[in-house]
1. Set the bar at 18 Å for Cα to Cα. Now go through K24/K74; K24/K94; K37/K74 and name every pair that lies beyond it.
2. In percent, what relative contact order does the chain have, based on Cα pairs under 8 Å that are 6 or more apart in sequence?
3. Does anything in the range 72-87 have its amide N under 20 Å from the 7 Å Cα→Cβ label point of N30, and if so which residues?
4. For the residue pair T16 and S40, what label-to-label distance in nm results when each label sits 7 Å from Cα along the Cα-to-beta-carbon direction?
5. For K74 and K139, what is the calculated FRET efficiency with R₀ set at 35 Å and r taken between the beta-carbons, to the nearest 0.05?
6. Calculate one ³J(HN,Hα) per residue across the range 92-108 by plugging θ = phi - 60° into the Karplus curve 6.51 cos²θ - 1.76 cosθ + 1.60, and present them in order as whole Hz with x for glycine and proline.
7. Among 126-133, 44-51, 5-12, how do they line up from the highest to the lowest mean number of other beta-carbon atoms within 10 Å?
8. Report, in cubic angstrom per residue, the convex hull volume of the C-alpha atoms of the chain.
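All of the numbers you see were taken from the coordinates with simple rules; none came from a lab. Since the model is a prediction, treat every value here as computed from it, not as a measurement. Here the Cβ positions follow ideal geometry from the backbone for every residue, glycine too, while neighbour counts run over all protein chains shown.
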Amino acid sequence: GDGKYRLDKQLDFIVTDGNITQVKTLEYGNVVVSNYKYDSEPNILLGDIAYETPLFKVDGYEILTHNKLGKRNKNNVISMENVFTETPFQKSYKTVNFKRNLDKSGRISEIIISGSYVTSNPLNSATNFVDEKVIFEYK
């Protein structure tokens, strides 16, 4: 290389009423806008540990974001919709809906996600998915 740094990925966040309502991702010239909707309940601890939540967007960047993300969302994300500047070739999430279940102690026990994919690859069909789970076990 030329020894110079270049920007390969940029994330811009919009916060409304204490919740991240939009994330604009610029990566290798492509733009994806992720729009989020929330319930009115207080944020559930660890309730954002699932695909396509705002927290998921910064996963893998802990060295850059440690102690810099500020407060958690005020409420719980219930849906996400990605808006693409061009339909991706690789199968990608288009919509995701989130449900959470708590255990008898009031801790999160599972996050259930359903939604749809999109792709421009003619050999790979865009499909829906229903009731995929992130399961939490406490010891």
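1. Table pairs above 18 Å Cα-Cα are K24/K74.
2. Rounded, it is 18 percent for the chain.
3. Zone members listed by number: 80-87.
4. Placing both labels 7 Å beyond Cα along the Cβ direction yields 1.7 nm.
5. 0.70
6. 9, 5, 9, 9, 9, 10, 10, 10, 10, 10, 10, 7, 5, 8, x, 8, 5
7. 44-51, 126-133, 5-12
8. That works out to 158 Å³ per residue.
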